[in-house]
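Values quoted throughout were computed directly from the atomic coordinates according to the rules given, and no laboratory measurement underlies them. A quick note: this is a predicted structure, and the numbers were derived from the prediction, not measured. Virtual Cβ from ideal backbone geometry, glycine too; neighbours counted across all protein chains shown.
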Amino acid sequence: MEKEAKIYVAGNTGMVGSAIVRKLKSEGYDNLVFTPWPEYDLRDQQKVNEYFKNEKPEYVFLAAAKVGGIMANDTYKAEFIYDNMMIEFNIIHASYLNEVKKLLFLGSSCIYPKNCPQPIKEEYLLTGPLEQTNEPYAVAKIAGLKMCDYYRYQYGCDFISAMPTNLYGPNDNYNLETSHVFPALIRKIHLAKCLEKQDFDAIRKDLQKRAFSGKEKYHPDWSEKDLIYQLKKFGITSENNDISKVILTLWGSGSPYREFLYVDDLTDALLYLMNNYSDYGHMNVGTGKDCTIKELANLIKEIIGFKGKIQWDVSKPDGTPRKLLDVTKINKSGWSHKIILEEGILNIYNHYV
């Protein structure tokens, strides 16, 4: 990409989109354009077409998406498939109509079958049933990457796709109703530590800042007893009502394996692909290393300094048993990750507090 080229980052306010913006600016790409919400609803084809016609971006990073954790995916199935398909289809088609030089579509590792051979190679796509809890999101992402391939085939568009593993980083979603596992663990273990230390000012500050609809509410007149009651909704309790002996209950068995990539590593890979890759088929982006959810929780617990007990609610779903991407393809092309998990956790916890 030319440094002076006009670059559209779709989804620039999200964790991935904001990281793409940081990366581009740090590399000297300053001619960036965005579609602020709610003025531009990317599900609205007319709005998207008008935007592309007026702005004429030369390059597009398609990071806009409706995302969420296992509970959100399983609850809002219709929204997840509709919103994501409409966003993808509108932007990809508008890019074709307006002769965008290159587009990079961001997918997700959930596109692969639930019981996929490990590590997961790109060619394992569509070789088996998907995980049911996030099937709508996965179907939408598969449609997006296939659309890029078919527009390349029929129209000669230089549209490529990257499939990142589980991501974490600054500007993540910490709403415990909709968040992914990594930010949920950061926040829950932080709150458990605050209760353990009887730091009710910190608990109050956290709940006030992150008060959302549904479960997450906050009132300035809440007593310490009220705050403790709110924490129970997040699985944070105490042994025999002794708040010096805090128990954190987490969903599932903790046995599934997950791979985690720091979002700044992802954006480094995306810029690399935008400048070096043009072909059919998507490219896995990850670390090639994974750990169990239980191991992750214990590592975060150690780094944050929570001394209490973690227990697991096995009545809740685990999701896919393992999702480790085979990153041989991108490693052989010349890119590999830099930030190790321990460093990333410390960075994000410092950023969170």
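Normalise the Debye intensity by I(0) for region 1-113, one equal point scatterer per Cα, no solvent, then take log10 at q = 0.20 Å⁻¹ and round to two decimals.
Values, matching the q order: -1.10.
Out of residues 5 or more away from Arg322 or on other chains, whose amide H comes under 5 Å of its own, with H placed 1.01 Å from N in the peptide plane?
Here the answer is Tyr257, since their amide H atoms fall under 5 Å of that of Arg322.
Given H placed 1.01 Å from N in the peptide plane, which residues other than close sequence neighbours of Trp335 have an amide H under 5 Å from its amide H?
Long-range HN contacts for Trp335: none found.
Could you compute the FRET efficiency for Asn115 and Lys309, with r as their C-beta to C-beta distance and R0 at 41 Å, rounded to 0.05?
Computed FRET efficiency for Asn115 and Lys309 comes out at 0.80.
Between Tyr349 and Asp199, what is the label-point separation in nm under the 7 Å Cα-to-beta-carbon projection?
Label-label distance for Asp199 and Tyr349, simple model: 1.1 nm.
Per DSSP helix of 4 or more residues, -39500 (n - 2.57); summed, then divided by the residues of the chain. What does that give at 222 nm, rounded to the nearest 500? Spell out each step's value before the answer.
On the way: 12 runs with 150 residues, N = 353.
It comes out at -13500 deg cm²/dmol, rounded to the nearest 500.
For Gly69, enumerate residues with amide H under 5 Å from its amide H, sequence gap 5+ or separate chain, H modeled in the peptide plane.
Long-range HN contacts for Gly69: Ser179, His180.
Can I get the semi-axes of region 215-353's equivalent ellipsoid? Compute them from the C-alpha gyration tensor as square roots of 5 times the eigenvalues, in angstrom, largest first. It would help to have the intermediate numbers written out before the result.
Details: eigenvalues 283, 60, 39 Å².
The equivalent ellipsoid of region 215-353 has semi-axes of 38, 17, 14 Å.
Given a Förster radius of 35 Å and the C-beta distance between Leu97 and Thr328 as r, what FRET efficiency does 1/(1 + (r/R0)^6) yield to the nearest 0.05?
0.45
Relative contact order of the chain, please, whole-number percent, based on alpha carbon pairs below 8 angstrom and at least 6 residues apart.
19 percent
Quick one: give the max-minus-min coordinate of the C-alpha atoms of region 240-296 along each principal axis, largest first, in Å.
61, 21, 15
Inverting the mean 1/r over all pairs of different Cα atoms, compute the Kirkwood radius of the chain and quote it in Å.
21.3 Å
Just to be sure I follow: if Rg is taken over the C-alpha atoms of region 150-209 and Rh is the Kirkwood radius over the same atoms, what is Rg/Rh?
1.34
Can you give the longest run of the chain that contains no GluC sites (Glu not before Pro) sitting in a DSSP loop with at most 12 other Cβ atoms inside 10 Å? Mind showing how you got there, number by number?
Values: sites that count: Glu2, Glu4, Glu39, Glu99.
Value returned for the longest uninterrupted segment is 100-353.
By what distance, in whole Å, do the Cα atoms of region 111-236 stretch along each of the three principal axes, largest value first?
Computed over the Cα atoms, the extents are 63, 30, 23 Å.
In whole percent, what relative contact order does region 186-278 give with Cα contacts below 8 Å and a gap of six or more residues? Present the calculation step by step, with values, prior to reporting the outcome.
Details: 61 pairs, mean separation 23.9, N = 93.
It rounds to 26 percent for region 186-278.
Taking 7 Å along the Cα-to-C-beta vector as the label spot, tell me the Lys338-Trp37 distance in nanometres, rounded to one decimal.
3.0 nm
Could you check which residue among Leu97, Leu273, Leu250 shows the biggest mean-square fluctuation in a GNM of the chain with a 10 Å Cα cutoff?
It is Leu97.
Tell me, rounded to the nearest percent, the portion of alpha carbon pairs in region 179-296 spaced more than 22 Å apart.
Here the tail beyond 22 Å accounts for 50 percent of pairs.
Over region 9-93, what relative contact order in percent results from Cα pairs under 8 Å that are six or more residues apart?
36 percent
Output wanted: per-residue J couplings in Hz (rounded whole) for region 139-149, from phi through Karplus 6.51 cos²θ - 1.76 cosθ + 1.60, θ = phi - 60°, x for Gly and Pro.
Ordered by residue, 3J(HN,Hα) equals 4, 4, 5, 4, 4, x, 5, 5, 4, 4, 5 Hz.
Given that compact globular proteins tend to follow 2.2 N^0.38 Å, what is the ratio of the alpha-carbon Rg of region 39-80 to that value?
Taking N as the residue count of region 39-80, the ratio is 1.53.
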